[in-house]
Amino acid sequence: MSFPGGGHNPAFGRDPGTTRTVEQHVYYGIPGVLPHFPTMVYYYPGYYPAPPYTAPYAARPPLGAAYGIDETGQFYHYISGFNDSGRYPQPAPVIDPDFPAANLINGTGGAGAEPGFNYFFPTQHAKVHVLKCAEPPWRLAPGTVPPYYKTYIPANVTVAELMMGFGAQNPDKAKNQLWEVYEQGGGCWGWKEHVTGDDEIMMARTVRDMGWCEKRNGHLPTTFLWFSKS
């Protein structure tokens, strides 16, 4: 999370340039990293406990150039912080073509808000589980538990944006489809709402308009969705 004039990433340290008074954070040395980062503090025995061992540094994913797809379906070129971005290098964002909206791409090519910026979170959201299965959930064998994404979606997101953000971007709009599904019991699923991408009226509706942000007995219920683009 970034803050005005700088920010702190718990895995990779502070964004430079902050004007606020902050506590000093400690970073562990990584073999091969250039020594010109002023905030780098190397671990010495007896000073701070070493981080848990996972794998040799050489076995970690390489930093540098990578390619991905943003939430609009466009390809972008990610460049790590070593390339004059002003940030400590970070791994390339995890790209899932079925959930491109999971990445907010900033000016450095990385994921998250711009260095030094906060993100203004909306106050109202829907709590959504998006089922990941090739077959429609209501056709699955009873007791099948499909994998799913768990996400909070701002109330003002339109159905069109929602489809695009979950990878339903077929040029044939009628093939981009959304189903609101529900658990029938006994390990079976049913559906109660079906929207196609060529329905302009439904595409303009928001998550709030769909009723997915309404609390029940003081609690926000989980909405289950399934998308198809074929």
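A few notes on this one:
- Under 21 Å from the Cα of K127 - lysines, other chains or at least 8 residues apart: K150, K192, K215
- Of the peptides 145-153, 221-229, the order by per-residue mean of other Cβ atoms within 10 Å, starting with the highest, comes out as 221-229, 145-153.
- FRET efficiency for K132 and R216, using Cβ-Cβ distance with R0 set to 35 Å, rounded to 0.05: 0.85
- For region 125-228, with +1 on Lys and Arg beta carbons and -1 on Asp and Glu, the positive-most of V157, G143, A204 along the dipole: G143
- Proximal lysines relative to K229, as straight alpha-carbon distance under 16 Å, when same-chain residues fewer than 8 apart are discounted: K132, K173, K175
- Taking 0.36 nm per residue of separation and subtracting the Cα-Cα distance, full extension of the segment from Y148 to F117 would add 8.1 nm.
- Value of D in µm² per second that Stokes-Einstein yields for region 112-177, Kirkwood Rh from Cα pairs, at 20 °C (1.002 mPa s): 147 µm²/s
Values quoted throughout were computed directly from the atomic coordinates according to the rules given, and no laboratory measurement underlies them. Here the structure is a predicted model, which means the values were calculated and not measured. Glycine gets a Cβ as well: all are built from the backbone with ideal geometry, and neighbour counts include every protein chain shown.
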